[in-house]
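Notes follow the structure.
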Amino acid sequence: MTEKPIPSGITLNKTEGYLEIVWQDGSTCRYPLSHLREACPCVECRGGHQFMGIENAPENILKLTPKRAYTVTALNPVGHYALQPVWDDGHSTGIYTWEYLRYLCPKA
């Protein structure tokens, strides 16, 4: 059984357009904001409840083609298990769990 991922540090860099998470195991993931927006896990973005969850997440978010450049206007914690970004297009229903974010970590 693998341990659940827990962040030890979270940085939102609006100037350079990325979210960086340092995980407790020492690894670091840097997510381009526009790609992270395209990987939104909410029911609206996924096209229905049957397409939600990690099993339907993109394998490599860097291969997604963002519709445009996106920025985050607010980054809200959800309990001790997730982040909920508010995007500059007004979208705010995506809840990115630690497991989902760790899965999305851009592959080198």
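We did not get these values from a lab; they are worked out from the coordinates using the rules stated. Small disclaimer: the values here were computed from a predicted structure and weren't measured. Cβ coordinates were reconstructed from backbone atoms using ideal geometry, including for glycine residues, and neighbour counts include every protein chain displayed.
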Just add up the charged neighbours of ILE54: K/R +1, D/E -1, any other residue whose Cβ is under 13 Å from the Cβ of ILE54.
0
Region 13-69: C-alpha gyration tensor shape, a/c 1.5 cut-off, then a/b vs b/c:
oblate
In region 25-108, the chymotrypsin sites (Phe, Trp or Tyr not before Pro) that fall in loop regions by DSSP, at most 14 other Cβ within 10 Å:
TYR81
Loop sites in region 28-103: GluC sites (Glu not before Pro), DSSP, at most 15 other Cβ within 10 Å
GLU59
Relative contact order of region 18-108: what whole-number percent is it, with Cα pairs under 8 angstrom and at least 6 residues apart?
28 percent
May I ask you to list the trypsin sites (Lys or Arg not before Pro) in region 1-92 that are in a DSSP loop and have at most 14 other Cβ atoms within 10 Å of their Cβ?
LYS14, LYS67, ARG68
Where the only charges are on Cβ atoms (+1 Lys, Arg; -1 Asp, Glu), what is the dipole of the chain about its Cα centre, to the nearest 20 debye?
180 debye
Please report, in debye to the nearest 20, how large the charge dipole of region 55-108 is about its Cα centre when each Lys and Arg carries +1 at its beta carbon and each Asp and Glu carries -1 there.
180 debye
Near LYS63, within a Cβ-to-Cβ distance under 12 Å, what is the net charge of the other residues, with Lys and Arg +1 and Asp and Glu -1?
-1
Using Cα centres only, tell me the gap between region 26-84 and region 88-104 in whole Å.
4 Å
Under the classification rounded if a/c is under 1.5, otherwise prolate if a/b is larger than b/c and oblate if not, where does the chain fall, given a ≥ b ≥ c as square roots of the Cα gyration tensor eigenvalues?
rounded
